[in-house]
Amino acid sequence: MKTFLKTSWQILKDSKKNFQQGEPIVYSAAIAFFTIFSLPAILIFLSFLGSLFFKESDVQQEIVQHIRALISKQAAQQVSEVLKNLTDIPITFWGILVGLVVIVKSATIIFFIIQKALNSVWQVRVRDDVKYLTLLKHRVSTLLIVASLGFFFLSSILLDMIISIYSEQLRDLFEEFLSPAIRTTNTLFNILMMLVFFTAVHKVLPDAKVGWKNAFVGGIITSALFLVGKELINIILQNVKVAGIYATAGSLVVLLLWVFYSAVILMLGAQVTKAYTSYYNREISPTEIATKYERVSEQEA
């Protein structure tokens, strides 16, 4: 036990040092901006998918309830307002197409920002002499993997909404058994999805050869940080009363801050993963298109 605590403390110290030397605030702010920018398109897409199975109003209500449970009441109000405005816009083929284009474009930008951020954690960068086609092939293959995970993640949200709607309809019949079972199943499924997602992010996104064992440890660490951080973020946002300070824009600011802090948690999880890997002397080498570099501190500069 003493050895475990000593090891954990050293890893946390190294993580903090490396985290402060990086640029987590810059990367997290960029991720938050483009995520919020693509929010209407994401909501259109989710509403369209859900409306294939249920009434659109029921689907939108479930989306708002999910945001309320995951983030806060203020953020749910903002999403509800966006959905209300989108209701006035008829869902057409071109509307769905434009929404998909915005999602793909924003997701691509977010993808490259996260990749650059993780590269800075592992201190690797793309070599100057890499041919464009080689780089493009590598990026497209990585993007397709992440896009598949993203589609799987959106599908899980849709499945969660379907289960929730059906549970409402069956509550009167099986309330005593069904409600706790569904809540437990949903919670475990969401945690599993989170673990798979973060493990894949640590494994696939950086231009570094991160082993599956290290990536899995990173997935566990980041998932734990995210679950704890989510509660801390909600407590902070509730006590600071951001929504009241920014008046009508308060709900949007709450949503923006939540995404920003979530991105910071992802960066912190990556730093802990790197510190864990370094502590056990597991050398991480760059991929064929990248090279390692040493970070220059301000004192050395």
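Across region 211-232, the number of residues qualifying as within 13 Å of the chain's Cα centre (by Cα) and modelled with pLDDT of 85 or more comes to 3.
Selection of region 39-56 for residues being surrounded by fewer than 16 Cβ atoms within 10 Å (Cβ to Cβ) and of a type in the set (S, T, N, Q) yields only 51. Exactly one residue out of 263, 290, 270 is at pLDDT 75 or above, surrounded by 13 or more Cβ atoms within 10 Å (Cβ to Cβ), out of contact with any helix residue (DSSP H, G or I) (no Cβ under 6 Å at 6 or more places or on another chain) and small (Gly, Ala, Ser): that is 290. Each residue in region 122-143 was checked for being in a helix (DSSP H, G or I) and more than 17 Å from the chain's Cα centre (by Cα), and 11 of them qualify.
Within region 57-70, the set of residues being surrounded by fewer than 18 Cβ atoms within 10 Å (Cβ to Cβ), farther than 24 Å from residue 235 by Cα and touching a residue at least 40 places away in the same chain (Cβ under 8 Å) comprises just one member, 58. Filtering region 71-83 to residues that are in a helix (DSSP H, G or I) and either at pLDDT 75 or above or surrounded by 18 or more Cβ atoms within 10 Å (Cβ to Cβ) (or both) leaves 74, 75, 76, 77, 78, 79, 80, 81, 82, 83.
Among the residues of region 22-38, those that are surrounded by 14 or more Cβ atoms within 10 Å (Cβ to Cβ) and part of a helix (DSSP H, G or I) comprise 24, 27, 28, 29, 30, 31, 32, 33, 34, 35, 36, 37. Does residue 124 satisfy the criteria of being at pLDDT 70 or above, farther than 30 Å from residue 60 by Cβ, of a type in the set (A, V, I, L, M) and surrounded by 15 or more Cβ atoms within 10 Å (Cβ to Cβ)? So residue 124 passes the test.
The values are calculated or read from the model by the stated rules, or taken from the named source; none is laboratory data. All of these numbers come straight from a predicted model, not from anything done at the bench. For neighbour counting, all protein chains shown are included, and Cβ atoms are generated from backbone atoms with ideal geometry for every residue, glycine included.
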